[in-house]
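Data first, discussion second: the structure below is written as structure tokens.
The values are calculated or read from the model by the stated rules, or taken from the named source; none is laboratory data. Because the structure is predicted, anything quoted here is derived from the model rather than measured. We place every Cβ from the backbone using ideal geometry, glycine too, and count neighbours over all the protein chains shown.
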Amino acid sequence: MSARYRRRQVGQLMLAGFGGTAIPVELRSLARDFDLGGVVLFARNVEEPAQVADLAREAQDLSTSGPVWVGIDQEGGRVQRVKAPLTIWPPAATLGRADDLALTRRFGRAMARELRAMGITLDFAPVLDVLTRADNPAIGDRALSDDPERVARHGVALIEALQQEGLPACAKHFPGHGEAAVDSHDDLPVIELPPDRFEAIEWVPFRAAIAAGVDAVMSCHLLVPSLDEHHPATMSSAIITGRLRGQLGFSGLVFTDDLDMKAISATMSPDEAAVRAVGAGCDGLLQCGGDVERVAAALEGVVRAIEAGVLIGTRIDEALEHHAALKARYLSEQGRRASPPRPTLRDVIGSAEHQAVAEQMRQFA
């Protein structure tokens with residue numbers, strides 16, 4: 001295998017964030033060396049829906065190896081990267097309080113239609129964290145409930161709604177962020193809970209999601225000494241490969257949470273973080289801070305680790321297979337034909353039907 005081909009393969013593992021409302025020249029330059037797997041959009045990239053649609057089309061130039069993921073965190077509430085004229089959704093907690101699965105499904109389908117109309121091809125949702133700590137700074141009303149069974153029911157309803165509308169869902173944050181007293185954006189949380197507690201509470205929604213066929217799972221950056229006393233979950237083979245894949249039986253695509261969060265970046269260089277995450281069993285690397293040099297450093301680190309034998313080629317091949325399978329299901333010509341037709345911006349953005357769903361949710365705010 002040529003070095004050039006391997007670099008292009010490694011690039012497929014990366015979903016990069018960037019600044020501005022168009023693909024920057026630095027990212028285009030990097031993509032000529034590494035075919036990038038995708039981009040992640042934030043509010044800083046958004047002006048209005050038609051511009052997002054143009055940006056999504058532009059992103060496809062970042063790879064010659066196949067279609068590119070255009071990912072976003074669109075949950076409702078405070079995590080809503082694209083706002084008006086899109087429907088402004090209340091937080092997920094309203095769905096848990098309503099406990100109306102039909103409403104949850106209507107919300108999921110409506111949100112998926114608006115995202116697909118703009119060319120978004122991957123939503124990092126739903127949040128399946130069980131809110132066991134009321135003062136949790138990172139999760140709060142992003143969680144569906146403090147009841148694991150209720151989170152499981154509504155999480156599955158959201159996953160099915162998104163995926164039936166042709167938008168891959170990504171359950172997050174494994175192994176569970178609901179008990180954290182610290183936000184991973186700021187520092188590394190330490191969760192002192194025994195394994196049987198995770199099995200009884202935190203993993204109930206994830207087991208249900210996996211049984212329902214969720215497409216992807218996102219790891220989280222926290223330390224759980226009872227599961228792995230040395231490595232944050234994203235970098236833990238015991239948690240990603242042993243627990244998520246082995247014990248819970250997940251065989252799909254595993255994304256890291258943003259590797260630029262301080263929980264990771266404060267103590268690890270981009271290359272070290274990327275190598276450790278891939279080695280632990282993660283397939284997709286999210287580098288969202290917008291610094292293209294950090295993205296390049298992460299990719300170069302993975303290439304060096306392969307050349308040095310630190311990462312074995314079969315782990316890279318496995319990760320690529322997970323990406324390829326999901327892209328074939330949703331982004332290939334055959335996959336697009338099997339999905340509902342992509343809606344038009346005019347028909348769905350902030351439509352009266354969607355506004356009615358949001359208003360019904362607001363009754364439980």
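Looking at this structure, is ALA209 assigned to a helix (DSSP H, G or I), closer than 30 Å to ALA324 by Cα, in contact with a strand residue (DSSP E or B) (Cβ under 9 Å, 6 or more places away or on another chain) and at pLDDT 95 or above?
Yes, satisfied.
Does VAL295 satisfy the condition of being under 23 Å from PRO24 (Cβ atoms) and β-branched (Val, Ile, Thr)?
Here the answer is yes, as VAL295 does meet what is asked.
For the structure I just gave you, tell me whether ALA16 is under 29 Å from ARG78 (Cβ atoms) and either in contact with a Gly (Cβ under 9 Å, 6 or more places away or on another chain) or surrounded by 21 or more Cβ atoms within 10 Å (Cβ to Cβ) (or both).
It is true that ALA16 is under 29 Å from ARG78 (Cβ atoms) and either in contact with a Gly (Cβ under 9 Å, 6 or more places away or on another chain) or surrounded by 21 or more Cβ atoms within 10 Å (Cβ to Cβ) (or both).
Please verify whether VAL182 is more than 25 Å from TRP89 (Cα to Cα), of a type in the set (A, V, I, L, M), in contact with a strand residue (DSSP E or B) (Cβ under 9 Å, 6 or more places away or on another chain) and free of Cβ contacts under 8 Å to residues at least 40 places away in the same chain, treating the condition exactly as stated.
No: the conditions fail for VAL182.
Return the only residue of GLY279, GLY301, GLY246 being buried (at least 21 other Cβ atoms within 10 Å of the Cβ), in a helix (DSSP H, G or I), over 17 Å from the mean Cα position of the chain (by Cα) and at pLDDT 95 or above.
Exactly one of GLY279, GLY301, GLY246 is buried (at least 21 other Cβ atoms within 10 Å of the Cβ), in a helix (DSSP H, G or I), over 17 Å from the mean Cα position of the chain (by Cα) and at pLDDT 95 or above, namely GLY301.
Could you tell me which residue of segment 304-317 is farthest from the chain's Cα centre (by Cα), considering only residues that are in a helix (DSSP H, G or I) and surrounded by fewer than 13 Cβ atoms within 10 Å (Cβ to Cβ)?
Once the filter is applied, the top-ranked residue is GLU307.
Could you check segment 68-90 and list, in sequence order, the residues that are closer than 17 Å to ALA171 by Cβ and not polar (S, T, N, Q)?
Hits for segment 68-90 are TRP69, GLY71, ILE72, ASP73, GLU75, GLY76, VAL79.
Which members of segment 144-155 meet the condition of being surrounded by fewer than 24 Cβ atoms within 10 Å (Cβ to Cβ) and more than 18 Å from LEU193 (Cα to Cα)?
Matches in segment 144-155: SER145, GLU149, ARG150, ALA152, ARG153.
Can you confirm whether segment 204-212 contains a residue that is crowded, with 21+ Cβ neighbours inside 10 Å and touching a Pro at 6+ places or on another chain (Cβ under 7 Å)?
yes
Among the listed residues ASP129, ASP123, ASP100, which satisfies the condition of being of a type in the set (Asp, Glu), at pLDDT 95 or above and under 19 Å from GLY17 (Cα atoms)?
Sole residue among the options that is of a type in the set (Asp, Glu), at pLDDT 95 or above and under 19 Å from GLY17 (Cα atoms): ASP123.
Please enumerate the residues belonging to segment 311-332 that are in contact with a strand residue (DSSP E or B) (Cβ under 6 Å, 6 or more places away or on another chain) and of a type outside the set (A, V, I, L, M).
If the condition is that a residue be in contact with a strand residue (DSSP E or B) (Cβ under 6 Å, 6 or more places away or on another chain) and of a type outside the set (A, V, I, L, M), then HIS322 is the only one that fits.
Just a yes or no: is a residue in segment 177-195 among the small types (Gly, Ala, Ser), touching a helix residue (DSSP H, G or I) at 6+ places or on another chain (Cβ under 7 Å) and closer than 22 Å to GLY96 by Cα?
Yes; the residues of segment 177-195 include at least one that is among the small types (Gly, Ala, Ser), touching a helix residue (DSSP H, G or I) at 6+ places or on another chain (Cβ under 7 Å) and closer than 22 Å to GLY96 by Cα.
When you go through ALA92, ALA134 one by one, which is the residue that is crowded, with 20+ Cβ neighbours inside 10 Å, in contact (Cβ under 8 Å) with a residue 12 or more places away in the chain and aliphatic (A, V, I, L, M)?
ALA92
So which of GLY66, GLY77, GLY38, GLY71 is within 20 Å of the chain's Cα centre (by Cα), surrounded by fewer than 22 Cβ atoms within 10 Å (Cβ to Cβ) and under 29 Å from ARG304 (Cβ atoms)?
Of the residues listed, the single one that is within 20 Å of the chain's Cα centre (by Cα), surrounded by fewer than 22 Cβ atoms within 10 Å (Cβ to Cβ) and under 29 Å from ARG304 (Cβ atoms) is GLY66.
Of all the residues that make up segment 57-71, how many are in a loop (DSSP other than H, G, I, E, B) and aliphatic (A, V, I, L, M)?
Residues meeting the conditions: 1.
Identify the residue in segment 47-93 that is touching a Phe, Trp or Tyr at 6+ places or on another chain (Cβ under 6 Å) and of a type in the set (D, E, K, R) and, among all such residues, is farthest from ALA328 (Cα to Cα).
ARG81
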